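What follows is a set of notes on a single structure, which appears directly below.
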Amino acid sequence: MTDYVLNTWYPIAWSREIGRKIEPRRIVEENVVLFRKEDGAVVAMEDACPHRLLPLSLGKLRGDTIECGYHGMTFDCSGKCVRIPGQEMIPPSAVVKTYPTHENMGLVWIWMGDPTLARTEDVFDLAQYHDPDWSVAEGDALYIKANYLSLADNLCDPAHVSFVHTSTLGNAASEDIPVHHEEQPGKMLTWRWIIDAPPIPLFAKFGNFKGNVDRWHYYHYHAPSIAIIDFGSADTGTGAPEGRRDNCMQIYACHFMTPVDAETSIDHWLHVKNFQATDEINKALSDQFRVAFAEDKMILEAIQMNEKTFADRKTIKIAIDAAPRRMRKMVEKMAGEALA
Ligand code: FES
Ligand SMILES: [Fe+2]
């Protein structure tokens, strides 16, 4: 089993996916079930009946309890068994593990570690998500057959954009621009500016730029599984690099990663923009992101396959690897601390 950071809030599902139906999910190599109580709160439990280990996801939701699909043992939201058909006595060990959950930014978050350390104030938030001057569009849950840290590498790596996303998020103007990075407690910031260059295809399509632009890319990675990509453009020479961004187009592309197992991850993505968008524009933007993120998926899955084929091969490091390497060390340390 991979060492995961457990004392953290992970995104596990879109809020819109969880209702009055038992939903199975897998995260950090554990199977859980999710459902919404009658009062609307989300419950998460281990997906195994303590009797014969039948997955509880094969059972039935009865009120706020789950009835196992094999012999009808019934568990309440705290995991306690409240009924064993055919007997009065309920052994104290008849308990299912439960996990703290919280909802924010359209997502259900789960705490897989020590429940006494779970503080809902620590669930990730982006202020602009709630700001009426900004607009939000939810994307998809993109399944990627790759370890979530490979996806995290990608999200600490603005350099790939010039080569992987040429039809949407990148263009050749940035190929040789160096990437900067800065490690902060629990975070890795990676960025670069491209000055006086043509807008990227996405902004040429949706922005209203007169000619060349100054554009930025700030990748805010929050260990272990969140990346907020702040990217935008302003007409060149209007002072955007010095902080004057009154007439800019800015998007936060948010990636909330679920580590499913060593070879699978889910990227829950959404975008938050500094302009109001019609449903049509949101759909068009999301379609562009879908193209771009499918390109990342293709690259990451191909690498995952080759990492198996060339299991003993030592890869080389180049300048743009500085941030991903430090990110991996940070996550390793966090995972180790919980075990110590
Ligand atoms: S396996 Fe669940 S009640 Fe028997
Ligand atoms: Fe990408």
Result of the Cβ filter at 8 Å on region 183-201, keeping first residues that are assigned to a strand (DSSP E or B) and partners that are surrounded by 15 or more Cβ atoms within 10 Å (Cβ to Cβ) and of a type in the set (Lys, Arg), at least 6 apart or interchain, is Glu183/Arg326; Met188/Arg326; Trp193/Arg215; Ile194/Arg215; Ala197/Arg215
Restricted to region 162-194 and to residues being among the hydroxyl-bearing types (Ser, Thr, Tyr) and crowded, with 18+ Cβ neighbours inside 10 Å, the residue nearest to Val213 (Cα to Cα) is Ser174
Of the residues in region 268-281, those that are in contact with a Ser or Thr (Cβ under 8 Å, 6 or more places away or on another chain) and either crowded, with 17+ Cβ neighbours inside 10 Å or among the hydrophobic types (A, V, I, L, M, F, W, C) (or both) come to His268, His271, Val272, Lys273, Phe275, Ala277
From the option list Phe203, Phe231, single residue qualifying as within 20 Å of the chain's Cα centre (by Cα) and within 22 Å of Tyr129 (Cα to Cα) is Phe231
* What about Ser93, is it surrounded by fewer than 18 Cβ atoms within 10 Å (Cβ to Cβ), small (Gly, Ala, Ser) and within 16 Å of ligand 1 (Cβ to nearest atom)? -> yes
Does Asp64 count as in contact with a Lys or Arg (Cβ under 9 Å, 6 or more places away or on another chain) and farther than 30 Å from Ala253 by Cα?
yes
Residue pairs within 9 Å by beta carbon, gap of at least six or interchain, first lying in region 148-159 and in the same structural domain as His255 (by TED's automatic domain parsing), second among the aromatic types (Phe, Trp, Tyr) and within 12 Å of ligand 2 (Cβ to nearest atom), listed first then second, are Leu155/Tyr219; Cys156/Tyr219; Asp157/Tyr219; Pro158/Tyr219; Pro158/Phe231
Contact list, first residue from region 69-86 and on the phi > 0 side of the Ramachandran plot, second anywhere and among the polar types (S, T, N, Q), beta-carbon distance below 8 Å, six or more apart or interchain, is Gly79/Thr98
TODO: Assess whether Ile320 counts as being closer than 19 Å to Asp157 by Cβ and within 16 Å of ligand 2 (Cβ to nearest atom).
DONE: yes
Within region 170-182, restricting to residues that are within 22 Å of Ala322 (Cα to Cα), outside any helix (DSSP H, G or I) and not charged (D, E, K, R), the one that is modelled with the lowest pLDDT is Gly170
Being at pLDDT below 95, surrounded by fewer than 21 Cβ atoms within 10 Å (Cβ to Cβ) and small (Gly, Ala, Ser) narrows Ala159, Ala118, Ala197, Ala127 down to just Ala197
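The values are calculated or read from the model by the stated rules, or taken from the named source; none is laboratory data. What you are looking at is a predicted structure, and each value in this text was computed from that prediction instead of being measured. Note: ideal-geometry Cβ built from the backbone for every residue, glycine included; neighbour counts use all protein chains shown.
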